[in-house]
1. Could we say that Ala79 is modelled with pLDDT of 95 or more and of a type in the set (Gly, Ala, Ser) here?
2. Considering region 41-81 alone, what residues qualify as being surrounded by 13 or more Cβ atoms within 10 Å (Cβ to Cβ) and either of a type in the set (Val, Ile, Thr) or in contact with a helix residue (DSSP H, G or I) (Cβ under 7 Å, 6 or more places away or on another chain) (or both)?
3. If you scan region 59-74, which residues turn out to be part of a loop (DSSP other than H, G, I, E, B) and within 14 Å of Asp108 (Cα to Cα)?
Amino acid sequence: MSIRTAVMTALLGVALATSAQAQSGDVSGVWQTQAGDANVRVHKCGSQLCGTIVSLRDKIDPRTGKAPIDDKNPDPKLATRSMIGVHLFFGMKPTAQNAWSGQIYNADDGRYYASNVSLAGPDTLKVEGCVGALCGGENWTRVGR
């Protein structure tokens, strides 16, 4: 086997493995939000999808000089909790291959929204939130497994 054939075979193997991961719904890993302000660990929990904030770009809230808290949450008991560990996905059930629907928590306003999440490639997670028929979304990038 020539070097060129060996390299092409290896590249094809990597491409097929990557494609198989995306097709099999390998959504587990750490994903960075489109704005780059948070990293979220996403994993399957039973038949559902779970997502939890594991790190923040800004370790200190400039308004308070302290670690960021969930201060937009309308529940006073939750409004003082650290943003690290906040669960974002609720009732995220599979709707198709590599796609889930449920609710997402938006820490920017402390509200829950109907949500669709789909694996758009091996390293791209499309996250969409909806209010009625109005939807907006962003792409998260995988930064770790």
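1. yes
2. Val42, Thr52, Ile53, Val54, Ile69 - these are the residues of region 41-81 that are surrounded by 13 or more Cβ atoms within 10 Å (Cβ to Cβ) and either of a type in the set (Val, Ile, Thr) or in contact with a helix residue (DSSP H, G or I) (Cβ under 7 Å, 6 or more places away or on another chain) (or both).
3. Across region 59-74, the qualifying residues are Pro68, Asp70, Asp71, Lys72, Asn73, Pro74.
Conditions (1) in contact with a strand residue (DSSP E or B) (Cβ under 8 Å, 6 or more places away or on another chain); (2) free of Cβ contacts under 8 Å to residues at least 24 places away in the same chain, marked per residue:
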site	(1), (2)
Lys72	no, no
Arg81	yes, yes
Lys93	yes, no
Ala99	yes, yes
Gln103	yes, yes
Gly136	yes, yes
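This table checks each residue for (1) hydrophobic (A, V, I, L, M, F, W, C); (2) modelled with pLDDT of 95 or more; (3) surrounded by 14 or more Cβ atoms within 10 Å (Cβ to Cβ).
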residue	(1), (2), (3)
Met83	yes, yes, yes
His87	no, yes, no
Pro94	no, yes, yes
Ala99	yes, yes, yes
Gly110	no, yes, yes
Val117	yes, yes, yes
Pro122	no, no, yes
Gly129	no, no, yes
Gly136	no, no, no
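The values are calculated or read from the model by the stated rules, or taken from the named source; none is laboratory data. If you're wondering where the values come from, they're calculated on a predicted model, not measured in any experiment. Note that we place each Cβ from the backbone using ideal geometry, even for glycine, and neighbour counts take in every protein chain shown.
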